[in-house]
Amino acid sequence: MRAQVGIIGAGPAGLMLALLLRRRGIDAVIVENRSRSYVEQRVRAGLLEQWVSDLLVETGVGARLTREAMFHDGIHLAFGGKSHHVDFRKLTGKGVTVYGQQEVVKDLIARLTDDGVPILFEVEDVAVHDLDGDMPRISFRKNGEPGEIACDFIGGCDGFHGVCRPSIPAGLLTTYEREYPFGWLGILTESPPPADELIYAYHERGFALYSMRSATVSRLYVQVDHGEEVERWSDARVWEELHLRLGGVRSLAEGRVLQKSITPMRSFVTEPMRHGRLFLAGDSAHIVPPTGAKGLNLAVADVVVLARAITAFYTAGRSDLLDAYSATCLDRIWKGQRFSWWMTQMLHRFPDGSAFDRRRQLAELAYVTSSTAAATTLAENYAGLPMTW
Ligand code: RFL
Ligand code: PHB
């Protein structure tokens, strides 16, 4: 097969990259090692910065989002038995959109399929070749048969555990990493959320987050120990912690648990995000802890930059935007890293944290919820920093 751009990974980054290129008349092929139903069911992020939901609408994949998403003006921060509202709309003029990542993925796959963009699901043994030349290749096996895509560029959109980043000689990359001594246990439940907007709760037993997917489906998380096994958390135990950590600020309705999983927490950045004709985008190049709700939004920001750079190459023969790709993305990524780390350190219980640390966290929360300047800092980062490029 021949394509202008070969994309590895049908997550939000790979799918959105294909759509943006398609709209500029550039053809792409996506290879994905999972099945279509697996990627459409994978429960992950839920929070879109306003410019991301605007972009989905502008690019013609926002019809269902406009009908079904929930549009929020802010979040609640709960601590010390009280709930405090941070009003993003009032502070920054922006809101956020609650719409499951798997819904974004479904909408993108439906559109790309309608437009005839090939997405090869359930491919095996994906590998990249000739990254230093003008015509890199992607090889794979599908239904046991070997296949190959020759292209001008490769979009490495295959997530944190993909093959693209490890294909770059390790000596050429610098990685920055922090592991946190805890994870999040998340459940999806058939129960109404406890409030109209998300509640981020600081509690002496650990952090909890009360998010949602609709008026009748909640997405709830509790901080658990690093390396914790999901089998040790019965539904009853999860509900007990969720009730306790809400600290009496709202009542919490229980419902059938539809999904339960544990996510480790990590901050990770690799630089540069390019090697020859291979461009890393999204989780393949960087990971944030989910406390700031930034991962999916940063992935979309990367591919907006990449699609623009590839378009400039084909339409104007320019390679300066491709050369600037990594630095352009990293500017936003590091701000997202900083914010995600800041939210994480403010809201979680650290196993080695002292009484001093806990008093400091409470002082920080009190400051953020009482000072307009501090609340604005949170609001402008959470709702999404301006797209300056
Ligand atoms: P993805 O979504 O991991 O997609 C990568 C795709 O590549 C495929 N793949 C391969 N394909 C072919 N060959 C190979 N060798 C391959 N290896 C992998 C995979 O199957 C997959 O389909 O990465 P992408 O596109 O960069 O998107 C990133 C986001 O998924 C991620 O950043 C977010 O989910 C992070 N995140 C959140 N982000 C937000 O912006 N807001 C949130 O509220 C939010 N909450 C979350 C989150 C992530 C979470 N977990 C489970 C990690 C909450 C959680 C619990
Ligand atoms: C979610 O709804 O899954 C969600 C929301 C906000 C976060 C993380 C996850 O910070």
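Tabulated data for the structure shown
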item	result
Subset of segment 1-50 that is touching a helix residue (DSSP H, G or I) at 6+ places or on another chain (Cβ under 8 Å), basic (Lys, Arg) and away from ligand 2 (no atom under 16 Å from the Cβ) - its residue that is farthest from residue 89 (Cα to Cα)	36
Among the candidates 388, 376, residue that is surrounded by 14 or more Cβ atoms within 10 Å (Cβ to Cβ) and on the phi < 0 side of the Ramachandran plot	376
Residue 216 vs. criteria within 23 Å of the chain's Cα centre (by Cα), among the hydroxyl-bearing types (Ser, Thr, Tyr) and away from ligand 2 (no atom under 14 Å from the Cβ)	no
Residue in segment 28-54 that is surrounded by the fewest Cβ atoms within 10 Å (Cβ to Cβ), counting only those that are touching a residue at least 60 places away in the same chain (Cβ under 8 Å) and more than 9 Å from ligand 1 (Cβ to nearest atom)	35
Segment 66-75, subset in contact (Cβ under 8 Å) with a residue 40 or more places away in the chain and buried (at least 19 other Cβ atoms within 10 Å of the Cβ), residue nearest to ligand 2 (Cβ to nearest atom)	75
Some residue of segment 155-165 being surrounded by 19 or more Cβ atoms within 10 Å (Cβ to Cβ), among the charged types (D, E, K, R) and part of a loop (DSSP other than H, G, I, E, B)	yes
Hits in segment 136-193 - residues which are within 14 Å of ligand 1 (Cβ to nearest atom), within 30 Å of residue 75 (Cα to Cα) and touching a helix residue (DSSP H, G or I) at 6+ places or on another chain (Cβ under 8 Å)	159, 160, 180, 184, 185, 187
Residue check for residue 312: closer than 18 Å to residue 5 by Cα and more than 16 Å from ligand 1 (Cβ to nearest atom)	yes
Residue in segment 85-93 that is buried (at least 18 other Cβ atoms within 10 Å of the Cβ) and within 16 Å of ligand 2 (Cβ to nearest atom) present	yes
Of the criteria (1) closer than 24 Å to residue 378 by Cβ; (2) buried (at least 18 other Cβ atoms within 10 Å of the Cβ); (3) under 15 Å from the mean Cα position of the chain (by Cα), which one residue 303 fails	(1)
Among (1) out of contact with any helix residue (DSSP H, G or I) (no Cβ under 9 Å at 6 or more places or on another chain); (2) within 11 Å of ligand 1 (Cβ to nearest atom), the one test that residue 58 misses	(2)
Matching residues, segment 315-333, being farther than 20 Å from residue 4 by Cα and either crowded, with 19+ Cβ neighbours inside 10 Å or in contact with a strand residue (DSSP E or B) (Cβ under 8 Å, 6 or more places away or on another chain) (or both)	326, 328, 329, 330, 332, 333
Test set (1) of a type outside the set (S, T, N, Q); (2) outside the structural domain of residue 304 (by TED's automatic domain parsing); (3) within 21 Å of the chain's Cα centre (by Cα); (4) within 16 Å of ligand 2 (Cβ to nearest atom) - residue 78 fails condition number	(3)
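The values are calculated or read from the model by the stated rules, or taken from the named source; none is laboratory data. For clarity, every value in this text was computed on a predicted model and none was experimentally measured. Heads up, the Cβs are rebuilt from the backbone with ideal geometry, glycines too, and the neighbour counts pull from every protein chain shown.
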